[in-house]
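Everything below concerns the one structure shown next.
The values are calculated or read from the model by the stated rules, or taken from the named source; none is laboratory data. Predicted, not measured: the structure shown is a model, and the values here were computed from it. When we count neighbours, we look across all protein chains shown, and the Cβ atoms used for this are built from the backbone with ideal geometry, even at glycine. Just the protein is used for accessible areas: all its heavy atoms, side chains included, with ligands, DNA and RNA removed. Shrake-Rupley method; radii C 1.70, N 1.55, O 1.52, S 1.80 Å.
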Amino acid sequence: NGGGMNPDKMRHCMSLGYSAKSKAANTIGQYGNGFKTSTMRLGADVIVFSCCCGKDGKSPTRSIGLLSYTFLRSTGKEDIVVPMLDYEGSQQEWKKIIRSSLDDWNRNVETIVQWSPFSSEADLLHQFNLMKDHGTRIIIYNLWEDDQGLLELDFDSDKHDIQLRGVNRDEQNIKMAQHYPNSRHFLTYRHSLRSYASILYLRLPPGFRIIIRGKDVEHHNIVNDMMLSKKVTYRPQPGASGIPTDLHMAVDVTIGFVKDAKHHIDVQGFNVYHKNRLIKPFWRLWNASGSDGRGVIGVLEANFVEPAHDKQGFERTTVLARLEARLIQMQKDYWNNNCHEIGYAPRRYKKYIKDSYDREISSKKSYPSRHKITDSSHSDKHQLHSNQRWEGKDSKRLPEASNYGDRKGHESSKGKYKMKTPVKYREGASVSEPLSPSAEDASDDDMHVMVTARGANGSSQKILAAEKSFGKDGLHRTHPSACLVDSESQQDGASGGSSVRPFMPSQSKGSEVNYPEHFLSDCSLGANLGQLKQENHELKKRWVILPF
């Protein structure tokens, strides 16, 4: 019982590509194809009856139009022919509006009667008696069938509803909707016209009603299905197309848990409206693994993005991409802060445990003592475990190449020092070849690796990480200088640190290594600060990046 259409508007409605709504501020019509494509999707044929009150001194009118796929295909029409009949007058007398000739009028009557469910012109005019003085009546017939020969639309399951068969219908969801009433619209909107129509509009104008099979549709706002809800303000930024009309535009996003979330059912998504019309029902953006995000629903009206031609999505633009990213972040933040309220493990606690573990590992990580070298098996295991822990994305370790020896530790006849490869270093470590002999003269018998490690307190620790000697027996020996640690002052650490100059004890191949008692002090303190900085400068020029 709307305003109805006069003969001119009726022709615009029945023709393809015409729209008077594209420039209207509060409407979503744009392309002029909605009525035609939607009715043709439901059935092969549609007939429209519309009556309009006279305005500006004009007489009331009645119009009949037929858009029939069956007629066009059966008669072999190459063009879309829409026969129409127009009348004007009053309730007492209706006169024919003949636009071309009486023969054309009579031909249109014959076509409509032949290809419609009505048997005569009088039967057609009787349909207006079922209407008031103004309004439109649309009858879709020859409904489409599925592969089994059944109607795609189901009129039998619910006498007050029109439902869909096929892939959109999930019997399990229908059963769940009976047990979880607050999630009913999420579980049924895909197959139930009544469920979908109840959330189709964000706000209903006064006096506006939707009636399906004789029963009013009860308007529903899913905000009423929420608990622990909150509002988040989103301010859209200008996209590549230009600056929004309203620079102060702000959108309130209402987000919360569905009241059935404690049952851990997978209900989530945002209902996104555009100019009061639902475009994306329960838009699922965050596809997290596991149970993250379950139960979180939201509502917003996004008038700053343009809907697609089928009104079932939005045009892909930069503005839409930013909205998607922000909604995902909203859902993540809400879930992480509130998931414990519905029986899930606190996600913040999970992050706290990880951070605490990382700090514990960092605090326990240590290097061998400067004044104590032990040969106990426990110390060897702890040293190997400590070396295998490393931090930072730029951490480096020695390549597992044959030049650096095998993985098996070997005890020397004195001191029983052990060093196993690969050795891993913390971020900031510098690795170099020995200063003497030169890189070209270095042999497999002697290999020196030096590292500067950054301490937790900001100081720099200089470690001669590995110095191996390979004897004639094929086994490698590790100098105790591998365990040498010398902590620099804060000032040296801030300047980038320097590497310990390698200690080269006299040794013949295959012989045991003899170390003087003053080795540790001479190695760590024998060089002056200037010489160390100069050596470090030279080493940085020959920085070697070792693969993992």
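Under a Cβ-only charge scheme (Lys and Arg +1, Asp and Glu -1), can you give me the dipole magnitude of the stretch 254-325 about the Cα centre, in debye to the nearest 20?
For this selection, approximately 120 debye.
What ranking do 262-270, 311-319, 42-50 get when scored by the average of other Cβ atoms within 10 Å per residue, highest first?
Highest to lowest by the protection proxy: 42-50, 262-270, 311-319.
Roughly to the nearest percent, how much of the accessible area of the stretch 144-220 is carbon and sulfur, given a 1.4 Å probe?
Carbon with sulfur: 51 percent of the solvent-accessible area.
What number do you get for the stretch 144-220 when its Cα radius of gyration is normalised by 2.2 N^0.38 Å, N = residues?
1.17
Run the simple label-point estimate for LYS77 and ASN276 please: 7 Å along Cα→C-beta, distance reported in nm.
Spacing of the two 7 Å Cα→Cβ label points: 3.5 nm.
Carbon and sulfur atoms: what percent of the 1.4 Å accessible area of the stretch 1-143 do they account for?
Carbon and sulfur atoms account for 49 percent of the accessible area of the stretch 1-143.
Pop the C-beta distance of VAL167 and ILE210 into the FRET formula with R0 = 30 Å and round what comes out to the nearest 0.05.
Calculated value: 0.70.
What FRET efficiency do you get for ARG322 and ALA345 if R0 is 22 Å and r is their Cβ-Cβ distance, rounded to the nearest 0.05?
0.10
Which value, in Å², gives the accessible area per residue of the stretch 222-342 when a 1.4 Å probe is used on the protein heavy atoms?
In whole numbers, the stretch 222-342 has 46 Å² accessible per residue.
Using the heavy atoms of the protein chains and a 1.4 angstrom probe, tell me the accessible area per residue for the stretch 1-143 in square angstrom.
Result: 59 Å² of accessible area for each residue.
Would you mind getting the accessible area per residue of the stretch 144-220, heavy atoms of the protein chains only, 1.4 Å probe, in Å²?
Value for the stretch 144-220: 65 Å² per residue.
Per-residue accessible area for HIS126 at 1.4 Å probe radius, Å² rounded to 10?
90
Just grab the label-to-label distance for SER289 and ARG235, each label 7 Å out from Cα along the Cβ direction, in nm (one decimal).
3.8
When only alpha-carbon atoms are used, what values of Rg and Dmax, in angstrom, describe the stretch 222-335?
Final numbers for Rg and Dmax: 14.2, 45 Å.
Rounded to the nearest 20 Debye, what is the dipole magnitude of the stretch 144-220 about its Cα centre when Lys and Arg each give +1 and Asp and Glu each give -1 at the C-beta?
Roughly 480 debye for the stretch 144-220.
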